[in-house]
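**Q** First, the structure itself, so that you have it in front of you.
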């Protein structure tokens, strides 16, 4: 038992020796440790109760699922220039231009087909950099889990729908949410009016 | 004749109630333990089954019941099946001698009912003897499994329990010297009258006896930091590594009940049992008792998620080189103080 750590202590001076003995007699280190864990026990946890009760809303700079936008008059901004297709490193965007003079778009040339394969997409944001009319933007949607890969290809109709997160809501917050499981699939219903706190502050 | 029949019936009812409480106690305790663990580790703990995971132990129990009961081919089947029972029975038998309150009078009938099954005049000796028996189950479980991890867990447990049984008995000796009685009811009565009559505050030896008892108790019930017999890191699960299903649950049950026993004993020996520390708060004595025991159980869990496990040689060093010499000195000091 020569190496027993409890027994061998190098007493450098009388004072440190006395302190060593007192420390062990009154369990000073134990009590310090217990106080640390008690503090944690009483502190609020940082667990995000997603998706049952809470959901994190990303910042505006977040690069999530694509959106196609309209101008203030409701005309499609996309002019089907196909620059996003050229810029895309994974070639996940397909654009087929179409002539249209009904005023659906901001010019006579609109996208007949505009679809993005989210399985291939790496969310680099080059398409929004390339877009001359700010038609394509990476939005704040991130719940794309699915059972069937075909539902990972989004077409123009879906992309043109307004985003779920209201545009005036700054990101980086946690809102109340509920989880819905039906035969058709799963959905997280977020209530954007009920803010539950700042994400960064909750991380301490 | 009539009197005797009534007494027998009352004792049967008490045994039934105590048995049911003890059997169901581990159910909330596992939940509390996991919640404490979760919150200390800044998690939530069980949360999915029922509100705040309150039904988690029920789900666990159903799972345990449905699990296959595996007995290894090379195991000693008879001992293997006997071992969980042998751990569990002494854990329950201890409670025959444990009082949870003094007595109360039944309304309308005017009959006094005591809140203990028997007020043995040698209760301390009985408890130390019977709780020492539960080690047989652990050793048999380890041995009968025919697995090297299990047998090592069993042997560690034997060494640990025998070493710390000595220190714990010394602590009991100290209490007996302070209270002049071996009966638990008398020990509690001798501490009545508020905080400063408690054995814990019988300065200077009270706190020392308390610490000796508490440390030895931690080791007796195989809790961290002395859970060498079921050291996950080096022995997988120790003596119950080969057990599954309900037999494993019996071991866990016995372990939780042993924890309750040590808490109850610490409260009776040192914290005045059902005595009200202030003397002014009008709470029923049994609530004081339950509250103190609950605080102790929390302390056990709190320590479990704070301290690391001791090494085997450190365990032996603490037992033989620190606790036992300190208790010998303490016996001397207590004796001098009681002259």
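**Q** Among A:47, B:317, B:334, rank each residue by its count of other Cβ atoms within 10 Å, from fewest to most, as a rough exposure measure.
**A** A:47, B:317, B:334
**Q** Using the 10 angstrom Cβ neighbour count as an exposure proxy, how do A:32, B:189 rank, fewest first?
**A** Going from least to most buried by this count: A:32, B:189.
**Q** Relative to the longest principal axis of the C-alpha atoms of chain A, give the angle of the C-alpha long axis of helix A:28-42, reported between 0 and 90° and rounded to the nearest 10°.
**A** 30
**Q** Averaged across the residues of B:32-42, what count of C-beta atoms belonging to other chains lies within 10 Å of each residue's C-beta?
**A** Per-residue shielding by partner chains comes out at 3.
**Q** Then there is this: Please build a GNM for chain B, connecting alpha carbons under 10 Å apart, and tell me which residue among B:152, B:86, B:64 fluctuates the most.
**A** Between B:152, B:86, B:64, it is B:64 that shows the largest mean-square fluctuation.
**Q** Looking only at B:129, B:266, B:171, which one moves most when chain B is put into a Gaussian network model with springs between Cα atoms under 10 Å?
**A** Maximum fluctuation in the GNM of chain B, among the listed residues, is at B:129.
**Q** Across peptide A:31-42, what mean number of C-beta atoms from other chains lies inside 10 Å of a residue's C-beta?
**A** Per-residue shielding by partner chains comes out at 4.
**Q** Another question about this same structure. Can you give the average number of partner chain beta-carbon atoms within 10 Å of each beta-carbon in peptide B:293-302, as a whole number?
**A** 1
**Q** If I stretch the segment between residue B:309 and residue B:112 completely, what's the gain in nm (0.36 nm per residue apart, minus their alpha carbon distance), one decimal?
**A** Difference between extended and current length: 66.2 nm.
**Q** Assuming a ≥ b ≥ c are the square roots of the Cα gyration tensor eigenvalues, decide whether the range B:216-339 counts as rounded (a/c under 1.5), prolate (otherwise, with a/b larger than b/c) or oblate.
**A** Verdict is oblate for the range B:216-339.
**Q** Next question, about the same structure. Picking from B:248, B:95, B:226, which is most flexible by a Gaussian network model of chain B using Cα springs under 10 Å?
**A** With Cα springs under 10 Å in chain B, the top fluctuation among B:248, B:95, B:226 is at B:248.
**Q** Say a paramagnetic label sat at a point 7 Å from the Cα of residue B:166, along Cα to Cβ; which residues of the range B:96-139 have their backbone N under 20 Å from it?
**A** Those under the cut-off are B:125, B:128-136.
**Q** Alpha carbon centre of the range B:185-254 versus the range A:90-165: separation in Å?
**A** First find each Cα centre; the distance between them is then 65 Å.
**Q** Grab the beta carbon distance between residue A:150 and residue B:155, set R0 = 51 Å, and tell me the FRET efficiency rounded to 0.05.
**A** For R0 = 51 Å, the calculated efficiency reads 0.25.
**Q** Order B:229-238, A:13-22 from most to least packed using the mean count of other Cβ atoms within 10 Å.
**A** Final packing ranking: B:229-238, A:13-22.
**Q** Please report B:330, B:12 as a ranked list, fewest other C-beta atoms within 10 angstrom at the top and most at the bottom.
**A** Ordered from fewest to most neighbouring Cβ atoms within 10 Å, B:330, B:12 come out as B:12, B:330.
**Q** May I pose another question? Quick check on the range A:108-204: take the gyration tensor over C-alpha atoms, sort the square-rooted eigenvalues as a ≥ b ≥ c, and tell me if it's rounded (a/c under 1.5), prolate or oblate.
**A** oblate
**Q** Using a/c under 1.5 as the rounded threshold, could you call the range B:1-93 rounded, prolate or oblate? The axes a ≥ b ≥ c are square roots of the C-alpha gyration tensor eigenvalues, and prolate needs a/b larger than b/c, oblate otherwise.
**A** Oblate, because a/c is 1.5 or more while a/b does not exceed b/c.
None of the figures in this text is laboratory data; all of them are computed from the coordinates on show. No experiment lies behind these values; they were computed from the predicted model shown. We place every Cβ from the backbone using ideal geometry, glycine too, and count neighbours over all the protein chains shown.
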